[in-house]
Amino acid sequence: MTGGRRGTVLALSGGVGGAKLALGLVHALAAEGAPAADLLVLANTGDDFEHLGLHISPDIDTLLYALSGRDDAQRGWGRADETWHFMAALRELGGQDWFQLGDRDLALHVERTRRLRAGETLSEVTGAVSAKFGIDARVLAMTDDPVRTRVECAQGWMGFQEWFVGARCEPVVRSLDFAGAQAARPNPHAMEALADPGLRAVIICPSNPLLSIGPILAMPALREALAACRAPVVAVSPIIAGQAVRGPTVKLMGELGLPATAAGVAQGYAGLIGGYVLDEADAHAAAALPHLATVALPTLMTTLQDRIHVAGAALALADRMAVGRVEA
Ligand code: GDP
Ligand code: CA
(Lines give C-alpha, C1' and ligand atoms only; values in the text may rest on other atoms or scores of the structure.)
(Ligands and ions follow the chains in the order given, each with its own letter.)
Protein backbone atom coordinates (compact mmCIF):
# COMPACT_ATOMS: atom_id res chain seq x y z
CA MET A 1 0.00 0.00 0.00
CA THR A 2 1.60 3.27 -1.07
CA GLY A 3 0.54 6.70 -2.16
CA GLY A 4 -1.48 7.94 0.81
CA ARG A 5 -1.36 11.61 1.67
CA ARG A 6 1.34 12.63 4.09
CA GLY A 7 0.98 14.24 7.46
CA THR A 8 -0.02 13.53 11.00
CA VAL A 9 -2.84 11.12 11.78
CA LEU A 10 -4.56 11.62 15.13
CA ALA A 11 -6.45 8.59 16.46
CA LEU A 12 -8.84 8.88 19.41
CA SER A 13 -8.86 5.64 21.35
CA GLY A 14 -10.11 3.70 24.33
CA GLY A 15 -8.65 0.32 25.19
CA VAL A 16 -9.21 -2.95 23.37
CA GLY A 17 -11.21 -1.87 20.30
CA GLY A 18 -9.14 1.27 19.89
CA ALA A 19 -5.84 -0.53 20.25
CA LYS A 20 -6.77 -3.01 17.52
CA LEU A 21 -7.26 -0.20 15.02
CA ALA A 22 -4.23 1.72 16.33
CA LEU A 23 -2.02 -1.29 15.60
CA GLY A 24 -3.56 -1.47 12.13
CA LEU A 25 -2.77 2.22 11.61
CA VAL A 26 0.86 1.67 12.66
CA HIS A 27 1.25 -1.02 10.00
CA ALA A 28 -0.81 0.75 7.31
CA LEU A 29 1.28 3.91 7.68
CA ALA A 30 4.53 1.94 7.72
CA ALA A 31 3.51 0.25 4.47
CA GLU A 32 3.13 3.71 2.93
CA GLY A 33 6.62 4.61 4.10
CA ALA A 34 5.26 7.20 6.53
CA PRO A 35 7.34 7.90 9.65
CA ALA A 36 6.00 6.07 12.72
CA ALA A 37 5.87 9.34 14.63
CA ASP A 38 3.19 10.55 12.19
CA LEU A 39 0.69 8.57 14.25
CA LEU A 40 -0.62 10.15 17.44
CA VAL A 41 -2.91 7.96 19.54
CA LEU A 42 -4.86 10.01 22.07
CA ALA A 43 -5.92 7.69 24.88
CA ASN A 44 -8.90 7.94 27.19
CA THR A 45 -7.94 8.41 30.84
CA GLY A 46 -11.49 8.51 32.21
CA ASP A 47 -11.07 4.88 33.33
CA ASP A 48 -7.97 5.72 35.39
CA PHE A 49 -8.18 5.01 39.09
CA GLU A 50 -6.21 4.48 42.26
CA HIS A 51 -6.17 0.92 43.48
CA LEU A 52 -3.99 -0.54 46.24
CA GLY A 53 -2.19 2.79 46.25
CA LEU A 54 -1.31 2.46 42.56
CA HIS A 55 -2.25 4.69 39.63
CA ILE A 56 -3.80 2.48 36.96
CA SER A 57 -4.45 3.77 33.42
CA PRO A 58 -6.27 0.85 31.76
CA ASP A 59 -6.65 2.28 28.26
CA ILE A 60 -3.10 3.62 28.07
CA ASP A 61 -1.84 0.23 29.27
CA THR A 62 -3.89 -1.64 26.67
CA LEU A 63 -2.40 0.57 23.96
CA LEU A 64 1.16 0.21 25.27
CA TYR A 65 0.85 -3.57 25.39
CA ALA A 66 -0.88 -3.89 22.01
CA LEU A 67 1.43 -1.53 20.13
CA SER A 68 4.52 -3.27 21.51
CA GLY A 69 3.24 -6.82 20.95
CA ARG A 70 3.04 -7.49 24.68
CA ASP A 71 -0.74 -7.93 24.83
CA ASP A 72 -2.57 -11.16 25.56
CA ALA A 73 -4.64 -11.75 22.43
CA GLN A 74 -6.63 -14.65 23.91
CA ARG A 75 -7.70 -12.96 27.13
CA GLY A 76 -8.21 -9.65 25.34
CA TRP A 77 -6.63 -7.52 28.08
CA GLY A 78 -3.40 -7.36 30.04
CA ARG A 79 -0.02 -8.78 29.16
CA ALA A 80 0.96 -11.98 27.41
CA ASP A 81 2.85 -14.64 29.40
CA GLU A 82 1.28 -13.24 32.55
CA THR A 83 1.55 -14.94 35.95
CA TRP A 84 -0.71 -14.36 38.95
CA HIS A 85 1.39 -14.96 42.07
CA PHE A 86 0.69 -11.48 43.42
CA MET A 87 -3.10 -11.95 43.20
CA ALA A 88 -2.91 -15.35 44.89
CA ALA A 89 -0.81 -13.94 47.71
CA LEU A 90 -3.12 -10.94 48.07
CA ARG A 91 -6.16 -13.23 48.29
CA GLU A 92 -4.43 -15.29 50.97
CA LEU A 93 -4.06 -12.10 52.98
CA GLY A 94 -7.74 -11.25 52.56
CA GLY A 95 -6.78 -8.20 50.45
CA GLN A 96 -8.90 -6.47 47.80
CA ASP A 97 -8.89 -8.92 44.92
CA TRP A 98 -11.81 -7.71 42.78
CA PHE A 99 -9.47 -6.09 40.22
CA GLN A 100 -7.09 -8.52 38.52
CA LEU A 101 -3.45 -7.44 38.46
CA GLY A 102 -1.00 -9.80 36.82
CA ASP A 103 2.59 -9.84 38.04
CA ARG A 104 4.08 -8.26 34.90
CA ASP A 105 1.24 -5.75 34.63
CA LEU A 106 1.81 -4.81 38.26
CA ALA A 107 5.34 -3.65 37.46
CA LEU A 108 3.96 -0.97 35.13
CA HIS A 109 1.55 0.32 37.78
CA VAL A 110 4.25 0.39 40.46
CA GLU A 111 6.71 2.19 38.20
CA ARG A 112 4.08 4.66 36.92
CA THR A 113 2.99 5.45 40.47
CA ARG A 114 6.57 5.96 41.62
CA ARG A 115 7.27 8.38 38.78
CA LEU A 116 4.02 10.31 39.31
CA ARG A 117 4.84 10.68 43.01
CA ALA A 118 8.31 11.93 42.04
CA GLY A 119 6.64 14.71 40.07
CA GLU A 120 6.48 13.43 36.50
CA THR A 121 3.28 13.91 34.52
CA LEU A 122 1.21 11.05 33.15
CA SER A 123 2.33 12.13 29.67
CA GLU A 124 5.98 11.93 30.66
CA VAL A 125 5.54 8.50 32.18
CA THR A 126 3.61 7.29 29.13
CA GLY A 127 6.35 8.58 26.84
CA ALA A 128 9.07 6.93 28.90
CA VAL A 129 7.31 3.55 28.96
CA SER A 130 6.58 3.79 25.21
CA ALA A 131 10.27 4.32 24.58
CA LYS A 132 11.24 1.36 26.78
CA PHE A 133 8.71 -0.79 24.94
CA GLY A 134 10.08 0.32 21.56
CA ILE A 135 6.86 2.01 20.40
CA ASP A 136 7.53 4.58 17.69
CA ALA A 137 3.96 5.85 17.37
CA ARG A 138 3.13 8.53 19.94
CA VAL A 139 0.73 7.31 22.63
CA LEU A 140 -0.69 10.38 24.40
CA ALA A 141 -2.70 10.67 27.58
CA MET A 142 -5.79 12.74 26.70
CA THR A 143 -4.87 15.03 29.60
CA ASP A 144 -2.53 15.12 32.59
CA ASP A 145 -5.35 16.44 34.75
CA PRO A 146 -7.59 13.97 36.58
CA VAL A 147 -10.76 13.01 34.74
CA ARG A 148 -12.81 10.26 36.35
CA THR A 149 -15.75 8.55 34.72
CA ARG A 150 -18.61 7.93 37.13
CA VAL A 151 -21.76 5.95 36.55
CA GLU A 152 -25.17 6.73 38.07
CA CYS A 153 -27.23 3.63 38.87
CA ALA A 154 -30.33 3.04 41.02
CA GLN A 155 -28.10 2.70 44.09
CA GLY A 156 -26.35 6.01 43.38
CA TRP A 157 -23.04 7.04 41.82
CA MET A 158 -20.30 4.45 41.35
CA GLY A 159 -16.69 4.80 40.25
CA PHE A 160 -16.21 3.46 36.73
CA GLN A 161 -14.13 0.41 37.66
CA GLU A 162 -16.46 -0.37 40.56
CA TRP A 163 -19.26 -0.66 37.99
CA PHE A 164 -17.26 -2.10 35.08
CA VAL A 165 -15.20 -4.72 36.90
CA GLY A 166 -16.63 -4.89 40.43
CA ALA A 167 -20.28 -5.11 39.34
CA ARG A 168 -19.56 -6.65 35.87
CA CYS A 169 -21.50 -3.78 34.18
CA GLU A 170 -24.73 -5.25 35.57
CA PRO A 171 -26.38 -2.24 37.30
CA VAL A 172 -28.59 -0.30 34.90
CA VAL A 173 -26.99 3.06 34.10
CA ARG A 174 -29.04 6.27 34.34
CA SER A 175 -26.34 8.76 33.50
CA LEU A 176 -22.59 9.22 33.10
CA ASP A 177 -20.32 11.92 34.44
CA PHE A 178 -16.71 12.67 33.51
CA ALA A 179 -15.64 14.45 36.67
CA GLY A 180 -12.90 16.97 35.97
CA ALA A 181 -13.33 17.00 32.18
CA GLN A 182 -14.63 20.57 32.02
CA ALA A 183 -11.48 21.96 33.58
CA ALA A 184 -9.01 19.42 32.16
CA ARG A 185 -6.37 20.76 29.79
CA PRO A 186 -6.25 18.50 26.73
CA ASN A 187 -2.91 17.05 25.65
CA PRO A 188 -1.06 19.93 23.92
CA HIS A 189 0.31 17.66 21.15
CA ALA A 190 -3.23 16.65 20.22
CA MET A 191 -4.33 20.29 20.24
CA GLU A 192 -1.35 21.27 18.05
CA ALA A 193 -2.17 18.47 15.63
CA LEU A 194 -5.80 19.58 15.38
CA ALA A 195 -4.73 23.14 14.58
CA ASP A 196 -2.00 22.07 12.12
CA PRO A 197 -2.91 22.66 8.46
CA GLY A 198 -0.77 19.60 7.67
CA LEU A 199 -2.98 17.24 9.68
CA ARG A 200 -3.90 14.35 7.38
CA ALA A 201 -6.82 12.84 9.27
CA VAL A 202 -8.50 12.27 12.60
CA ILE A 203 -9.65 8.70 13.10
CA ILE A 204 -12.11 7.92 15.90
CA CYS A 205 -11.33 4.30 16.72
CA PRO A 206 -14.04 1.64 17.15
CA SER A 207 -14.06 2.26 20.88
CA ASN A 208 -17.05 2.58 23.18
CA PRO A 209 -18.45 5.98 22.08
CA LEU A 210 -19.83 6.80 25.54
CA LEU A 211 -17.20 5.41 27.89
CA SER A 212 -14.00 5.67 25.85
CA ILE A 213 -14.49 8.50 23.36
CA GLY A 214 -16.99 10.34 25.59
CA PRO A 215 -14.39 11.50 28.15
CA ILE A 216 -12.07 12.77 25.38
CA LEU A 217 -14.91 14.78 23.82
CA ALA A 218 -16.04 16.01 27.24
CA MET A 219 -13.01 18.31 27.34
CA PRO A 220 -14.52 21.48 25.83
CA ALA A 221 -11.35 22.78 24.15
CA LEU A 222 -10.68 19.45 22.48
CA ARG A 223 -14.25 19.06 21.27
CA GLU A 224 -14.20 22.58 19.80
CA ALA A 225 -10.85 22.00 18.12
CA LEU A 226 -12.13 18.75 16.61
CA ALA A 227 -15.32 20.40 15.36
CA ALA A 228 -13.25 23.23 13.82
CA CYS A 229 -10.52 21.00 12.41
CA ARG A 230 -10.12 21.17 8.63
CA ALA A 231 -8.75 17.68 8.16
CA PRO A 232 -11.14 14.81 7.44
CA VAL A 233 -12.55 13.20 10.59
CA VAL A 234 -13.52 9.54 10.16
CA ALA A 235 -15.06 7.26 12.79
CA VAL A 236 -14.97 3.46 12.68
CA SER A 237 -18.06 1.70 14.03
CA PRO A 238 -17.60 -0.44 17.16
CA ILE A 239 -20.94 -2.11 16.42
CA ILE A 240 -21.23 -4.99 14.00
CA ALA A 241 -24.72 -6.19 13.02
CA GLY A 242 -26.24 -4.48 16.03
CA GLN A 243 -23.83 -6.12 18.49
CA ALA A 244 -20.72 -4.95 20.28
CA VAL A 245 -17.76 -7.25 19.64
CA ARG A 246 -17.31 -7.26 23.39
CA GLY A 247 -18.14 -5.02 26.32
CA PRO A 248 -21.15 -2.98 27.38
CA THR A 249 -21.46 -0.60 24.40
CA VAL A 250 -24.90 -1.78 23.30
CA LYS A 251 -26.24 -2.21 26.86
CA LEU A 252 -25.15 1.27 27.84
CA MET A 253 -26.40 3.00 24.69
CA GLY A 254 -29.79 1.32 25.20
CA GLU A 255 -29.97 2.31 28.86
CA LEU A 256 -29.11 5.91 28.03
CA GLY A 257 -31.80 6.03 25.35
CA LEU A 258 -29.54 6.08 22.30
CA PRO A 259 -30.15 3.86 19.28
CA ALA A 260 -27.62 1.06 19.79
CA THR A 261 -26.80 0.65 16.13
CA ALA A 262 -24.01 1.59 13.77
CA ALA A 263 -26.10 4.56 12.61
CA GLY A 264 -26.73 5.56 16.24
CA VAL A 265 -22.99 5.72 16.93
CA ALA A 266 -22.47 7.97 13.89
CA GLN A 267 -25.35 10.20 14.96
CA GLY A 268 -23.72 10.55 18.37
CA TYR A 269 -20.69 12.03 16.59
CA ALA A 270 -22.83 14.54 14.64
CA GLY A 271 -21.02 17.79 13.95
CA LEU A 272 -17.65 16.15 14.46
CA ILE A 273 -17.24 13.51 11.75
CA GLY A 274 -17.49 13.69 7.98
CA GLY A 275 -16.72 10.06 7.26
CA TYR A 276 -17.79 6.71 8.69
CA VAL A 277 -16.45 3.20 8.28
CA LEU A 278 -19.09 0.63 9.11
CA ASP A 279 -19.36 -3.10 8.88
CA GLU A 280 -20.70 -4.64 5.68
CA ALA A 281 -23.44 -6.23 7.83
CA ASP A 282 -24.65 -2.68 8.60
CA ALA A 283 -24.16 -1.31 5.07
CA HIS A 284 -27.89 -0.49 4.88
CA ALA A 285 -27.40 2.04 7.72
CA ALA A 286 -25.46 4.30 5.35
CA ALA A 287 -28.79 5.36 3.84
CA ALA A 288 -29.66 6.98 7.18
CA LEU A 289 -26.39 8.95 7.07
CA PRO A 290 -26.60 10.86 3.77
CA HIS A 291 -24.44 13.70 5.10
CA LEU A 292 -21.47 11.36 5.69
CA ALA A 293 -19.00 9.76 3.33
CA THR A 294 -19.25 6.08 4.20
CA VAL A 295 -17.52 2.85 3.38
CA ALA A 296 -18.75 -0.61 4.39
CA LEU A 297 -16.43 -3.57 4.76
CA PRO A 298 -15.80 -6.46 7.17
CA THR A 299 -14.63 -4.71 10.34
CA LEU A 300 -14.15 -7.64 12.73
CA MET A 301 -10.43 -7.41 13.53
CA THR A 302 -9.25 -10.89 14.42
CA THR A 303 -5.89 -11.04 12.68
CA LEU A 304 -3.24 -8.40 12.13
CA GLN A 305 -4.24 -8.35 8.45
CA ASP A 306 -7.82 -7.48 9.49
CA ARG A 307 -6.52 -4.58 11.57
CA ILE A 308 -4.41 -3.28 8.69
CA HIS A 309 -7.31 -3.65 6.27
CA VAL A 310 -9.76 -1.65 8.41
CA ALA A 311 -7.12 0.99 9.21
CA GLY A 312 -6.23 1.27 5.51
CA ALA A 313 -9.91 1.72 4.63
CA ALA A 314 -10.31 4.51 7.22
CA LEU A 315 -7.20 6.29 5.90
CA ALA A 316 -8.27 5.86 2.29
CA LEU A 317 -11.72 7.28 3.07
CA ALA A 318 -10.13 10.28 4.80
CA ASP A 319 -7.78 10.83 1.85
CA ARG A 320 -10.67 10.69 -0.62
CA MET A 321 -12.61 13.18 1.52
CA ALA A 322 -9.60 15.50 1.54
CA VAL A 323 -9.44 15.69 -2.22
CA GLY A 324 -13.21 16.05 -2.40
CA ARG A 325 -13.75 12.96 -4.48
CA VAL A 326 -16.30 11.30 -2.22
CA GLU A 327 -19.95 11.75 -3.04
CA ALA A 328 -21.77 12.72 0.11
P1 GDP B 1 -12.09 -0.77 26.29
O2 GDP B 1 -11.67 0.60 26.73
O3 GDP B 1 -11.06 -1.82 26.54
O4 GDP B 1 -13.47 -1.13 26.71
O5 GDP B 1 -12.11 -0.71 24.72
P6 GDP B 1 -12.68 0.30 23.65
O7 GDP B 1 -13.65 1.26 24.19
O8 GDP B 1 -11.52 0.84 22.88
O9 GDP B 1 -13.37 -0.75 22.71
C10 GDP B 1 -14.59 -1.37 23.03
C11 GDP B 1 -15.39 -1.46 21.75
O12 GDP B 1 -14.56 -2.06 20.74
C13 GDP B 1 -16.62 -2.32 21.84
O14 GDP B 1 -17.73 -1.51 21.53
C15 GDP B 1 -16.42 -3.36 20.75
O16 GDP B 1 -17.60 -3.61 20.01
C17 GDP B 1 -15.39 -2.72 19.86
N18 GDP B 1 -14.56 -3.69 19.16
C19 GDP B 1 -13.75 -4.61 19.74
N20 GDP B 1 -13.18 -5.36 18.78
C21 GDP B 1 -13.63 -4.90 17.59
C22 GDP B 1 -13.41 -5.29 16.24
O23 GDP B 1 -12.66 -6.22 15.94
N24 GDP B 1 -14.06 -4.57 15.27
C25 GDP B 1 -14.91 -3.53 15.57
N26 GDP B 1 -15.51 -2.90 14.57
N27 GDP B 1 -15.14 -3.15 16.85
C28 GDP B 1 -14.51 -3.83 17.83
CA1 CA C 1 -11.45 1.54 28.73
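The values are calculated or read from the model by the stated rules, or taken from the named source; none is laboratory data. In this text, all values refer to a predicted model and were calculated from it rather than measured experimentally. We place every Cβ from the backbone using ideal geometry, glycine too, and count neighbours over all the protein chains shown. Quick note on the areas: whole protein, heavy atoms, side chains included, nothing else; ligands and nucleic acids left out. Shrake-Rupley method; radii C 1.70, N 1.55, O 1.52, S 1.80 Å.
Whether any residue in region 33-40 is open to solvent by less than 50 Å² (accessible area, probe 1.4 Å), outside any helix (DSSP H, G or I) and in contact (Cβ under 8 Å) with a residue 40 or more places away in the chain is what I want to check. Scanning region 33-40 turns up at least one residue that is open to solvent by less than 50 Å² (accessible area, probe 1.4 Å), outside any helix (DSSP H, G or I) and in contact (Cβ under 8 Å) with a residue 40 or more places away in the chain.
Determine, yes or no, whether ALA235 is among the small types (Gly, Ala, Ser), within 16 Å of ligand 1 (Cβ to nearest atom), surrounded by 20 or more Cβ atoms within 10 Å (Cβ to Cβ) and without any contact (Cβ under 8 Å) to a residue 40 or more places away in the chain. Considered against the rule, which asks whether it is among the small types (Gly, Ala, Ser), within 16 Å of ligand 1 (Cβ to nearest atom), surrounded by 20 or more Cβ atoms within 10 Å (Cβ to Cβ) and without any contact (Cβ under 8 Å) to a residue 40 or more places away in the chain, ALA235 comes out as no.
Might you let me know whether region 274-283 holds any residue that is part of a helix (DSSP H, G or I), more than 19 Å from LEU12 (Cβ to Cβ) and not acidic (Asp, Glu)?
Taking region 274-283 and keeping what is part of a helix (DSSP H, G or I), we get 280-283.
Subset that is more than 19 Å from LEU12 (Cβ to Cβ): 280-283.
Still in the list and also not acidic (Asp, Glu): 281, 283.
Yes, that holds for at least one residue.
Somewhere in region 132-143, is a residue at pLDDT 95 or above, over 21 Å from LEU25 (Cα atoms), in a loop (DSSP other than H, G, I, E, B) and aliphatic (A, V, I, L, M)? No, region 132-143 has no match at all. Restricting attention to region 41-80 and to residues that are touching a His at 6+ places or on another chain (Cβ under 9 Å) and assigned to a loop (DSSP other than H, G, I, E, B), the residue that is farthest from ligand 2 (Cβ to nearest atom) turns out to be LEU52. Residue pairs whose Cβ atoms lie under 7 Å apart, sitting 6 or more positions apart in sequence or on different chains, and linking a residue in region 182-202 that is farther than 19 Å from LEU29 by Cα and basic (Lys, Arg) to a partner that is at pLDDT 95 or above and open to solvent by less than 80 Å² (accessible area, probe 1.4 Å), are ARG185/THR143; ARG185/ASP145. Exactly one residue out of GLY214, GLY247 is within 16 Å of ligand 2 (Cβ to nearest atom), under 17 Å from the mean Cα position of the chain (by Cα) and either open to solvent by 20 Å² or more (accessible area, probe 1.4 Å) or over 25 Å from TRP163 (Cβ atoms) (or both): that is GLY247. Cβ-Cβ distances below 7 Å connect the following pairs, each with a first residue in region 14-28 that is hydrophobic (A, V, I, L, M, F, W, C), a second residue that is within 9 Å of ligand 2 (Cβ to nearest atom) and assigned to a helix (DSSP H, G or I), and a separation of six or more residues or different chains: VAL16/THR62; ALA19/THR62. Checked against (1) buried (at least 17 other Cβ atoms within 10 Å of the Cβ); (2) without any contact (Cβ under 8 Å) to a residue 60 or more places away in the chain, LEU258 passes all but a single condition, namely (1).
Of all residues in region 18-28, how many are over 15 Å from the mean Cα position of the chain (by Cα) and surrounded by fewer than 24 Cβ atoms within 10 Å (Cβ to Cβ)?
If we filter region 18-28 for residues that are over 15 Å from the mean Cα position of the chain (by Cα), which is where we start, we get 27-28.
Cutting the leftovers down to surrounded by fewer than 24 Cβ atoms within 10 Å (Cβ to Cβ) gives us 27.
So the count comes out to 1.
Of all residues in region 278-299, those satisfying the criterion of being buried (at least 18 other Cβ atoms within 10 Å of the Cβ) and either within 16 Å of ligand 2 (Cβ to nearest atom) or under 19 Å from MET321 (Cβ atoms) (or both) are LEU278, ALA285, ALA286, LEU289, LEU292, ALA293, THR294, VAL295, ALA296, THR299. Only residues that are within 11 Å of ligand 1 (Cβ to nearest atom) and either open to solvent by 10 Å² or more (accessible area, probe 1.4 Å) or not small (Gly, Ala, Ser) (or both): list them for region 46-55, please. ASP47 - this is the single residue of region 46-55 that is within 11 Å of ligand 1 (Cβ to nearest atom) and either open to solvent by 10 Å² or more (accessible area, probe 1.4 Å) or not small (Gly, Ala, Ser) (or both).
Residue count for region 128-145 under the criterion of being within 22 Å of GLU50 (Cα to Cα) and surrounded by fewer than 17 Cβ atoms within 10 Å (Cβ to Cβ): the result is 2.
Checking each residue in region 1-32 for being away from ligand 2 (no atom under 16 Å from the Cβ) and either basic (Lys, Arg) or in a loop (DSSP other than H, G, I, E, B) (or both) picks out MET1, THR2, GLY3, GLY4, ARG5, ARG6, GLY7, THR8, GLU32. Starting from residues that are modelled with pLDDT under 95 and exposed (fewer than 15 other Cβ atoms within 10 Å of the Cβ), keep the ones in region 56-80 and report whichever is farthest from ligand 1 (Cβ to nearest atom). Of everything passing the filter in region 56-80, GLN74 is farthest from ligand 1 (Cβ to nearest atom).
Okay, residues lined up against (1) under 29 Å from ASP279 (Cα atoms); (2) more than 16 Å from ligand 1 (Cβ to nearest atom):
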{"site": "ALA118", "(1), (2)": "no, yes"}
{"site": "ARG148", "(1), (2)": "no, no"}
{"site": "ALA154", "(1), (2)": "no, yes"}
{"site": "ASN187", "(1), (2)": "no, yes"}
{"site": "ALA195", "(1), (2)": "no, yes"}
{"site": "LEU199", "(1), (2)": "yes, yes"}
{"site": "PRO209", "(1), (2)": "yes, no"}
{"site": "GLY214", "(1), (2)": "yes, no"}
